[in-house]
1. What is the magnitude of the charge dipole of segment 200-349 about its Cα centre, with +1 placed on the Cβ of each Lys and Arg, -1 on the Cβ of each Asp and Glu, and no other charges, expressed in debye to the nearest 20?
2. Could you pull out every residue, at least 5 positions away or on a different chain, whose amide H is within less than 5 Å of the one on Asp425? Hs are placed 1.01 Å off N in the peptide plane, and Pro or chain starts have none.
3. Taking N as the number of residues in segment 211-268, what is its Cα Rg relative to 2.2 N^0.38 Å?
4. Please list, or write none, the lysines whose alpha carbon is within less than 21 Å of the alpha carbon of Lys464, excluding same-chain residues fewer than 8 places away.
5. Arrange the peptides 115-124, 168-177 so that the one whose residues have, on average, the most other Cβ atoms within 10 Å appears first.
6. Which value, in Å² rounded to 10, gives the accessible area of Ser489 with a 1.4 Å probe and all protein chains present?
7. With every protein chain kept in place and ligands, DNA and RNA left out, what is the accessible area per residue of segment 195-339? Probe 1.4 Å, answer in Å².
8. Ranking request for peptides 240-247, 448-455: highest mean number of other beta-carbon atoms within 10 Å first, then the rest in descending order.
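The values are calculated or read from the model by the stated rules, or taken from the named source; none is laboratory data. All of these numbers come straight from a predicted model, not from anything done at the bench. With ideal geometry, Cβ positions are generated from the backbone for all residues, glycine too; neighbour counts draw on all protein chains shown. With ligands, DNA and RNA removed, areas are computed over all heavy atoms of the protein, side chains included. Shrake-Rupley method; radii C 1.70, N 1.55, O 1.52, S 1.80 Å.
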Amino acid sequence: MLAHLPDGRHLRLGRDAAALLAGLDGSRTREEVLVQWAAVVGEQRALELLTRFDALGLLDLPGLPMSASDRRVSYRKPMSLQLTLLRPERFTGRLQALGRVLTRQPVPLLYAVLLAGGAGAGLVGRGSLVRAVSEPVPLHITVILSAAVIAVSVLHEFGHAIALAYFGGRPRRMGVMLFYLAPAFFCDVSDGWRLAAPRHRALVALSGVIVNVGVAAASAIAGVLSTGDAATFWWLLTVANLLVTAFNLVPFVKLDGYLALMAMVDVPFLRQRAMADARGWLGRVFFGSACPAKRLDRAWSVPFGLCALAFPVLLVGAVLAQVLTAVLPWGAVGAVLSLVVVLLGAGCLLYGAGRFAGSAMCSRSPRAGTPRRLLGVIVLVAAVVVPLAAVQVEVSATGGYIATKGRTVLVLPDEGRARGLRPGDHVLLKSVGLFRSPVVATATVDSGPSGRATVATAALGPIKDLPGRTEGTRYPLRNISDSSGMPLSGTGYATVATGRTSLAEWLFRTHLLAPLRTLSD
């Protein structure tokens, strides 16, 4: 059964939930409804259903505020802030006609030929591809590539809209959003739940990456046929689309891969159910909680739920790490922003862990007494503390190198200068590309500091014609060993391994001590 939500979306319901929802006629109080439902599905499940129906706006429809479909800015759980820019449902008929054209022979056959040609081009031009992603690129190529990626992202979303319209649905909204703090485009295809065939719903979910794969294949062919900066651009566009495709197919967050998986198994709220099973399993293992009935009747429910719980944390962590790296050089303002981000992130993690532990201990089995709960808390804390203390990470200083007249020197900027840099320390000389930073040569520090030097700012990043120079301390290098086959350019990027430390100490120094030092200077 499908329920039409007030914001225009559609919700697929199971048999019990549909029967209970159909019986709501407004003549009974909340308590009376709970008593009736508890006799059918149990008290806890009845409360969950009623709470969820209320959150979805299915109860007490008169007098509701403006629905999400009418608002330009809306929030979608778990972490998606959406800005609607276009309502394609107004021209669904044209999208449907375009879908019929794209599915008519020989278009699918030509697409298959395009994919085969792209795969062959990638094999033929793999050397050029590797160089394109491993070497700095001109600024104008980066700008054009960014514009091309945005254009393909728009086509990706129109791919969803065309597929949904072709199968009889209505794409409702398109726009931009912050998805787990990262900017992205979106197309609301929730109307796809009206499609009876799971295969059609899966095709709607995958139609966006079909666009990306097609663009990647065409770009690879263009890369083989081009030279110079044009070839670099086409190879970079190929890799960018392949990376977007791989990320979109990850099924642990609400991306295309998850929607396709949910369509094929034909289970609504797949991710929420799997995460509930995972939380129940964790509660039983750590705190001896009462074993709840499985919400998802699949053998892989708990592993999938554990991945669905962990992946958003890793994704947000990666985004925040990029934010911290970007804002810390802003002086006092950047230091304050860094501290705020770190404290908020740590607070959210502690809050989530506390909620889980509290709910798990409240629903413990009568056989699990206080010792079992204390043991669970100790094990849970140890599972976090031990890796932080035991895992060793390599600490490195980053800077640039200058190779002139057969002599190579290392230049470490003042803010990146390592304490205790000694003769004999191992140095990696690298070529920095947009997607890859291979080691070009290795060297060792010859002696202590030998004065000051400047290195082009462009040598420290993947864009080779950025203006400006960075001043730092100079260290002579020796034992230059080139084993990569790539040329050692006049300037480039360098890292120096200065020791190893625990993960906890590295996090403390990098994300707390560094901004505090900036504020105290």
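1. 600 debye
2. Val445
3. Its radius of gyration relative to the 2.2 N^0.38 Å reference: 1.48.
4. Filter leaves Lys430.
5. Most protected by this proxy first, the peptides run 168-177, 115-124.
6. Roughly 60 Å² of Ser489 is accessible to a 1.4 Å probe.
7. Heavy-atom SASA per residue in segment 195-339 reads 43 Å².
8. My ranking of the peptides, most packed first, is 240-247, 448-455.
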